[in-house]
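Inspection log for the structure reproduced underneath, given as structure tokens.
The values are calculated or read from the model by the stated rules, or taken from the named source; none is laboratory data. These numbers were taken from a predicted model, which means no experiment stands behind them. FYI the Cβ positions are ideal-geometry reconstructions off the backbone, even for glycines, and counts take in every protein chain you see.
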Amino acid sequence: MSFDPKALRAEFPLLMLAQPPLHYLDNAATSQIHRSALKAMSDHDMFQRANIMRGTHRLAEAATAAYEDARARAAHFLNAATPDEVVFTSGATAALNLVAHSFGDTLRPGDEVMLSLAEHHSNLVPWQLLRERRGIVLRFLPLTADGRIDLAALADMLTPRCRLIALTHCSNVTGAITDVATVVAAAHGVGARVLLDGAQQVQHGPVDVQGLDIDFYAFSGHKCYGPNGIGVLWARGEVLAAMPPFLGGGGMVGEVTPEGSTFARPPQRFEAGTPAIAQAVGLGAVLAWLSMLPWRAIRAHENELLRRLLAGLRGRSDIRILGPVDLDARQPVVSFDIAGLHPHDVCQVLDRHGVALRGGHHCAQPLIRHFGLDGANRASIAMYTTQADIDALLDGLNDVVAVLR
Amino acid sequence: MSFDPKALRAEFPLLMLAQPPLHYLDNAATSQIHRSALKAMSDHDMFQRANIMRGTHRLAEAATAAYEDARARAAHFLNAATPDEVVFTSGATAALNLVAHSFGDTLRPGDEVMLSLAEHHSNLVPWQLLRERRGIVLRFLPLTADGRIDLAALADMLTPRCRLIALTHCSNVTGAITDVATVVAAAHGVGARVLLDGAQQVQHGPVDVQGLDIDFYAFSGHKCYGPNGIGVLWARGEVLAAMPPFLGGGGMVGEVTPEGSTFARPPQRFEAGTPAIAQAVGLGAVLAWLSMLPWRAIRAHENELLRRLLAGLRGRSDIRILGPVDLDARQPVVSFDIAGLHPHDVCQVLDRHGVALRGGHHCAQPLIRHFGLDGANRASIAMYTTQADIDALLDGLNDVVAVLR
Amino acid sequence: MNVELYQQAIKDLARAGHGSGRLSAASASTRLDNPLCGDRITLDVRLADGKIIAIGHDTRGCLLCRAAASWLAAEVPGSSPVQFAAAHRELLALLQGAATTPAIRTSLLPFSPVREHKSRHGCVLLPFETLRRALTEAAAN
Amino acid sequence: MNVELYQQAIKDLARAGHGSGRLSAASASTRLDNPLCGDRITLDVRLADGKIIAIGHDTRGCLLCRAAASWLAAEVPGSSPVQFAAAHRELLALLQGAATTPAIRTSLLPFSPVREHKSRHGCVLLPFETLRRALTEAAAN
Ligand SMILES: Cc1ncc(COP(=O)(O)O)c(C=O)c1O
Ligand SMILES: Cc1ncc(COP(=O)(O)O)c(C=O)c1O
């Protein structure tokens, strides 16, 4: 199947409308939104907006069907066994906190959760808060020199007290993809569950949670061409069924009396209150669209740009690329340091060239510190990125040095 | 200032587009969305979509400014002392859970939280879960025969162990408005904080949290003509400052190391992860619009329809109205029971007449049980409701009886 | 399709209230709620010689739910659990469709307009699901 | 307005790094972070006879932040806390506007293009805010 990134750009209104033209390379922070999501959301709000679940009037029926259809689309995108394994949340962070509270409440003092030093704060701070609440022990997988999670250390660090290994599927700083099979094999050896933070992976294609043989998967809509304010927690049915509720409110209960309440089955048990209905419908539309794309061609396109970018950066003696420089097992996210120049200043000057990059610690302070830095510049490529975007960045870097030095 | 509900309907796309025409009387579940929110969200997604806070490129600057502007608009709508007292959440339920966890974590075993039997499950279940976590005591204000919160019982039930009185500002079943001044005076007497669940109040006009002299206020966007997936927790600055974080993740931290983290000041401390940026911007647009409306005229219009509805229902011997029937201190939300007819069947038949009502326990089982019922029919009026809507309902009820008996 | 949901046959079934009230000496009793709508049924089943011989129930629910419970008490006694399972399958096929549609017994046909109203499927299915669970429990005893 | 943010004067200030390094015998020391961007400054101030006589700091931050810290160490010693407060007010007025705009001293003018970049206000203000807190602390001692 052929893939034409230029034609694709027409499906992203912001890219088309931006004046002056925009070289958007901040996709790891938020991707631009695909028109299918915009249309699905505005259609929903204009033709079928209602609260879901308990309503019998025609709008409520339509809204409920659309919401559950979105759940089915998410299940399909992840190859989940059933839609009931899909919990809608307000984003990846909310999904990770749900696990840290609900699954976390089943842990005992001394139980261990294994993380890595490459985690985004959203897969780190919730576990620190759990440690304070329940006296669990956190262990951190170390990093290789180029910033990959060092799985060689796993065997030595795993103990029978480990109940969960929670790792990023793909680093938001280095783009490194975690070797899931190795993690899962080790986890099975001690009976630990495996959680993957997929926030930086799903924008590069559908995921097979059954094939990966994991227990939890979390991601956000806004990073995979979908809406703000919506995300997914997938969990294996038996795991979800054993989890106590987290947030309380309408829609997640059975019988409620002042003395106590009973709780609905998953996924409703974990969706307290009116959910982000329109946004779920928008995400469903995007996931259905993503499920049909020619991913081999997209991957080739993204890799070609990645190669061009890495080559351009490697050609400069004042630039240090963080993370793996080979093309294997990585996504097109590239962080780099320019000697003596602060990322905020770098990004500010690039902005004048219409190049949007992000500078800072990228919510991954331990990883950034591993590189001996306080912050870094990050260019992240999406399926709609073009050679012109990469070239504008590389050109802009010459001006950056001229302006700032 | 004049107010023309018919002209206003043109500003709600769904009402204009519905075919066949729709008599939407399910506003307490979800109101229809105002075009200002739709436009603000689509403009945001088409012209300034980016992640907020840490970005220096032009989209990130614009998105951050829009998000903070929405916060200022919410502060204005609530008459908050500063925008820093406004925390965006995914909705009222999330806001109430935030308080139950974060403020709740400062409570000790034996401390008391006072609720009422009229609460929505979203202001009940989070406190039950807190009771299980921390051994606090819940007390429930009883109800008068017509289902109002019986504040006469307050003095006797309040003890010095009471740390919080958390009540609905307006009942989602009966429309009864809580006498806040009495509650606040009593709370001050024992040093308790006061929380109001404003989910059913804000769609009827701006609120003055400083004038009410309360400590917490929660509401959802989707019930006040705004987007799904967004809500507000307002809390007094000093209260917020003393609250520990709830959800962990990006954006709410200072320094993060494996050993531990420091936390940002409010409101950021309570907004972990990428927030619902577009939805906040949409809500901000709606709140700015609501802040300018002629509320005296709207209130007169809503009350006229309420009177018509109550009169029509009172004329029928098989119908029992739940809750206060006077027009004082109530919003235009009317629940009723038809002898021998189940609300789902009633609403199903009304749907054929294009009349959208909700039937069920309305997530307020203790209150519904107070009336000796399992469920009720609910008609809820919004500013765009017309006489034709009320008449269609009253006509429809004749057919309901014909079909179901 | 705009076939009347509340056909006379359905109203008659609900009004007849076959099997209303609890059974003494039940082989198994099960209570089930539909948390989404608040319907609730407590159902007793008495078995003898591998046959369902009586069904009693206490049903709080809408007309469709009560009609379904009443149908069970009127139609099922005398059948084996396997024969009930066939009726349950037929109802599911009637509501949701099925890959291979079984022939659906005439007495279930009044429920066919429910098919168009997804939010009401649970109302009709709740009593059937409750009986299914009660039978599973009875088999385990 | 498209005035150059990174004027020579700003770059010179940052590069000069006035006051770089910690002070011994400080009257007060304060550390402040900008959690949103990770900038961090630890600042020491020495007071004598009601005057600020020296400022030292360890600043990790962007060019704008370093220029502001450098400005403080170059310009403030010799002034009283009240005089510093006036400079702080002028900077705020320069960046955010003010109801009654004070006359703004020439040495602060190179920071004026920052006004158009709201996300960078915190960078420039951080060192000023740190000094303000250090002075409050010193006054409390
Ligand atoms: C790897 C990773 N995990 C989690 C998150 C959190 O996602 P969100 O902010 O959408 O909740 C992000 C994005 O910021 C991320 O890159
Ligand atoms: C009084 C009251 N409180 C809280 C809520 C919960 O609001 P949401 O479902 O939008 O979180 C509702 C609405 O369902 C309500 O009516």
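Here are the numbers for this structure:
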read-out: Test for D:His121: is it surrounded by 22 or more Cβ atoms within 10 Å (Cβ to Cβ) and touching a residue at least 24 places away in the same chain (Cβ under 8 Å); value: no
read-out: Qualifying position, being within 7 Å of another protein chain (Cβ to nearest Cβ), without any contact (Cβ under 8 Å) to a residue 24 or more places away in the chain and within 16 Å of ligand 1 (Cβ to nearest atom), among A:Gly360, A:Gly375; value: A:Gly360
read-out: Filtered residues of segment A:70-116 (kept if among the hydroxyl-bearing types (Ser, Thr, Tyr) and farther than 25 Å from A:Leu158 by Cβ); value: A:Thr82, A:Thr89, A:Ser90, A:Thr93
read-out: Meets criteria (touching a strand residue (DSSP E or B) at 6+ places or on another chain (Cβ under 9 Å) and at positive phi) for C:Gly19; value: yes
read-out: For B:Ala264: the one exception among (1) within 26 Å of A:Ala28 (Cα to Cα); (2) within 14 Å of chain A (Cβ to nearest Cβ); (3) in contact (Cβ under 8 Å) with a residue 60 or more places away in the chain; value: (3)
read-out: Top-ranked residue of segment A:152-211 - restricted to ones that are assigned to a helix (DSSP H, G or I), among the aliphatic types (A, V, I, L, M) and within 19 Å of A:Gln331 (Cβ to Cβ), ranked as nearest to ligand 1 (Cβ to nearest atom); value: A:Val202
read-out: Conditions (1) within 13 Å of ligand 1 (Cβ to nearest atom); (2) touching a His at 6+ places or on another chain (Cβ under 8 Å): number failed by A:Leu117; value: (1)
read-out: Pick from segment A:218-230, criterion of a type outside the set (Phe, Trp, Tyr) and under 19 Å from A:Val194 (Cα atoms), ranking: surrounded by the fewest Cβ atoms within 10 Å (Cβ to Cβ); value: A:Ala218
read-out: Any hit, segment B:91-106, residues being surrounded by fewer than 20 Cβ atoms within 10 Å (Cβ to Cβ) and in the same structural domain as B:Arg265 (by TED's automatic domain parsing); value: yes
read-out: Subset of segment B:71-99 (residues that are touching a Phe, Trp or Tyr at 6+ places or on another chain (Cβ under 6 Å) and either facing chain A (nearest Cβ under 10 Å) or under 19 Å from A:Ile230 (Cα atoms) (or both)); value: B:Val87, B:Ala92, B:Leu98
read-out: From the options A:Asp215, A:Asp197, A:Asp111, residue that is of a type in the set (Asp, Glu), farther than 30 Å from A:Pro294 by Cα and either more than 14 Å from chain B (Cβ to nearest Cβ) or buried (at least 17 other Cβ atoms within 10 Å of the Cβ) (or both); value: A:Asp111
read-out: Counted residues, segment C:36-80 - those being in a helix (DSSP H, G or I) and among the small types (Gly, Ala, Ser); value: 6
read-out: Some residue of segment B:231-239 being assigned to a helix (DSSP H, G or I), within 11 Å of chain A (Cβ to nearest Cβ) and of a type outside the set (Val, Ile, Thr); value: no
read-out: Total residues in segment B:8-44, condition buried (at least 22 other Cβ atoms within 10 Å of the Cβ), more than 8 Å from chain A (Cβ to nearest Cβ) and under 21 Å from B:Gln201 (Cα atoms); value: 7
read-out: Where a residue in segment B:106-125 is without any contact (Cβ under 8 Å) to a residue 40 or more places away in the chain and its partner, wherever it lies, is more than 9 Å from ligand 2 (Cβ to nearest atom) and of a type in the set (S, T, N, Q), with Cβ under 6 Å and at least six apart; value: B:Val125/A:Ser261
read-out: Scan of segment D:25-52 for residues that are within 14 Å of chain B (Cβ to nearest Cβ) and of a type outside the set (Gly, Ala, Ser), ordered by number; value: D:Arg31, D:Leu32, D:Asp33, D:Asn34, D:Pro35, D:Leu36, D:Cys37, D:Asp39, D:Arg40, D:Ile41, D:Thr42
read-out: In segment B:45-70, residue farthest from the other protein chains (Cβ to nearest Cβ) [restricted to those that are among the charged types (D, E, K, R) and more than 11 Å from A:Thr30 (Cβ to Cβ)]; value: B:Asp69
read-out: Residues of segment C:98-132 satisfying the condition of being charged (D, E, K, R) and within 14 Å of chain A (Cβ to nearest Cβ); value: C:Arg115, C:Glu116, C:Lys118, C:Arg120, C:Glu129
